[in-house]
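The values are calculated or read from the model by the stated rules, or taken from the named source; none is laboratory data. Everything numeric here is computed off the predicted structure, so don't read it as measured data. Note that we place each Cβ from the backbone using ideal geometry, even for glycine, and neighbour counts take in every protein chain shown.
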Amino acid sequence: MYTRQCIQAIDSHTAGEPTRLVTSGAPDLGSGPLAARLERLRTHFDHFRSTVVNEPRGSDVLVGALLCEPDDSRCSIGVIYFNNVGYLGMCGHGTIGVIATLAYMGFIQPGEHWIDTPVGPVEATLHPNGAVTLKNVRSYRTAVRVPVQVPGYGTVIGDIAWGGNWFFLVEDHQEQLSLQNTDSLTHFTWAIRQALESAKICGDDGSVIDHIELFGAPSSPQADSRNFVLCPGKAYDRSPCGTGTSAKLACLHADGKLQPGQIWRQEGILGSIFEGSVEVRDNSVYPSITGIAHITAEIKLILEPSDPFVSGIPT
Ligand code: PYC
């Protein structure tokens with residue numbers, strides 16, 4: 001028999017980067033740590049990820065957020081993030097979007113909220129004006145000025161850092177960080193990513209460095225720096241990237257260029273800004289990122305069994 005299924009979600013964007021929070025219609029992932037539930041989602045229900053974020057219902061830019069019961073007792077909610085090609089450990093713009101969405105739904109009030117994620121609990125503060133401050137997971141740099149041979153570009157030098165995802169952070173390059181130049185920026189950063197993989201240059205435990213971040217001068221006098229961030233599925237982050245800004249803050253602190261509590265304003269490729277700072281506890285760096293999200297849609301995704309693209313178009 002012919003049965004339609006539906007998935008309900010609320011869309012938002014944070015500094016231009018979209019998040020789709022799934023509120024119902026997700027598969028049952030059972031209980032236990034979020035990292036284990038992410039593996040269950042990846043192994044048994046990857047079609048769900050593709051259905052929610054890929055075309056024809058989504059796009060390469062969209063980040064999905066699956067609302068779950070938390071495992072860590074400090075947390076009131078749990079979230080698993082995913083995109084057009086796979087899963088994210090953490091997502092900064094996504095967390096800001098999730099908190100703004102839960103406030104829109106009337107589930108939370110201004111104040112502090114703990115969120116369980118596959119890479120550990122994070123704290124988010126919803127401010128009375130709607131802005132959200134994310135206190136991210138421990139962020140750190142594992143290698144400084146690593147050279148990689150990039151075909152067509154020569155030697156590119158970057159730092160390797162963790163901000164909830166793995167980043168290769170490049171200061172020295174010839175690219176113009178402008179919206180008109182995103183094709184060239186995408187080509188360059190994708191070539192870096194492939195060169196890192198070919199050279200087996202990795203994050204901890206052999207993790208793939210799947211985010212590439214370029215820096216340049218900001219266009220706003222209020223900002224300290226501008227970035228361009230290539231995400232794992234070849235889309236670029238429209239926001240300044242919360243985990244990428246966290247990785248940057250960890251590098252700045254390690255270089256003695258950012259003291260605890262000092263504000264760093266990171267501008268993204270659209271000119272939107274995240275405000276960041278670090279806290280140091282037990283010799284470890286914990287970044288805070290503040291941004292604003294806006295709700296864009298309440299949606300019901302319809303899944304018809306006869307639809308040849310019911311599980312999305314893989315990218
Ligand atoms: O804001 O952390 C972030 C993020 C990661 C990928 C896209 N946005």
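Identify all residues within segment 190-222 that are among the charged types (D, E, K, R) and within 15 Å of Val170 (Cα to Cα); write none if there are none.
Arg193, Asp210, Glu213 - these are the residues of segment 190-222 that are among the charged types (D, E, K, R) and within 15 Å of Val170 (Cα to Cα).
Within segment 23-33, can one find any residue that is in contact (Cβ under 8 Å) with a residue 40 or more places away in the chain, among the β-branched types (Val, Ile, Thr) and away from the ligand (no atom under 16 Å from the Cβ)? Looking for residues that are in contact (Cβ under 8 Å) with a residue 40 or more places away in the chain, among the β-branched types (Val, Ile, Thr) and away from the ligand (no atom under 16 Å from the Cβ), one finds at least one in segment 23-33, hence yes. Within segment 97-109, does at least one residue satisfy the condition of being under 13 Å from the mean Cα position of the chain (by Cα), within 12 Å of the ligand (Cβ to nearest atom) and in a helix (DSSP H, G or I)? Yes: one or more hits.
From the list Gly30, Gly78, exactly one residue is surrounded by fewer than 16 Cβ atoms within 10 Å (Cβ to Cβ) and either over 18 Å from Ala293 (Cβ atoms) or out of contact with any helix residue (DSSP H, G or I) (no Cβ under 8 Å at 6 or more places or on another chain) (or both). Which is it? First the steps, then the outcome.
Values: Gly78 fails: surrounded by fewer than 16 Cβ atoms within 10 Å (Cβ to Cβ).
Just a single option satisfies the conditions, and that option is Gly30.
Which is of a type outside the set (S, T, N, Q), outside any helix (DSSP H, G or I), more than 16 Å from the ligand (Cβ to nearest atom) and in contact with a Phe, Trp or Tyr (Cβ under 8 Å, 6 or more places away or on another chain), of Leu214, Leu177?
Numbers: Leu214 fails: more than 16 Å from the ligand (Cβ to nearest atom).
So the residue among Leu214, Leu177 that is of a type outside the set (S, T, N, Q), outside any helix (DSSP H, G or I), more than 16 Å from the ligand (Cβ to nearest atom) and in contact with a Phe, Trp or Tyr (Cβ under 8 Å, 6 or more places away or on another chain) is Leu177.
The single condition among (1) aromatic (Phe, Trp, Tyr); (2) within 11 Å of the ligand (Cβ to nearest atom); (3) over 15 Å from the mean Cα position of the chain (by Cα) that Tyr81 does not satisfy is (3). Taken together, Ser220, Ser184 contain a single residue that is in a helix (DSSP H, G or I) and either surrounded by fewer than 17 Cβ atoms within 10 Å (Cβ to Cβ) or within 12 Å of the ligand (Cβ to nearest atom) (or both), which is Ser184. When Val119 is tested against (1) within 15 Å of Gly242 (Cβ to Cβ); (2) surrounded by fewer than 22 Cβ atoms within 10 Å (Cβ to Cβ); (3) touching a Ser or Thr at 6+ places or on another chain (Cβ under 9 Å), exactly one condition is not met: (3). Within segment 134-172, how many residues are within 15 Å of the chain's Cα centre (by Cα) and of a type in the set (S, T, N, Q)? So the count comes out to 3. Would you tally the residues in segment 141-174 being more than 16 Å from the ligand (Cβ to nearest atom) and of a type in the set (Phe, Trp, Tyr)? So the answer is 1.
In this entry, Val137 is excluded by the filter for residues that are over 20 Å from Ile273 (Cα atoms), modelled with pLDDT of 95 or more and assigned to a strand (DSSP E or B). If you filter segment 241-266 down to residues that are among the charged types (D, E, K, R) and surrounded by fewer than 24 Cβ atoms within 10 Å (Cβ to Cβ), you find that the one that is nearest to the ligand (Cβ to nearest atom) is Arg265.
Residues that are buried (at least 21 other Cβ atoms within 10 Å of the Cβ) and either over 17 Å from Gly158 (Cβ atoms) or away from the ligand (no atom under 16 Å from the Cβ) (or both) within segment 193-211 comprise just one, Leu196. Only one entry of Asp282, Asp237, Asp255 meets the criterion of being of a type in the set (Asp, Glu) and within 19 Å of the chain's Cα centre (by Cα), and that entry is Asp237.
Within segment 223-237, is there a residue that is buried (at least 24 other Cβ atoms within 10 Å of the Cβ), more than 9 Å from the ligand (Cβ to nearest atom), of a type outside the set (Ser, Thr, Tyr) and in contact (Cβ under 8 Å) with a residue 60 or more places away in the chain? No, there is no match, as no residue in segment 223-237 is buried (at least 24 other Cβ atoms within 10 Å of the Cβ), more than 9 Å from the ligand (Cβ to nearest atom), of a type outside the set (Ser, Thr, Tyr) and in contact (Cβ under 8 Å) with a residue 60 or more places away in the chain.
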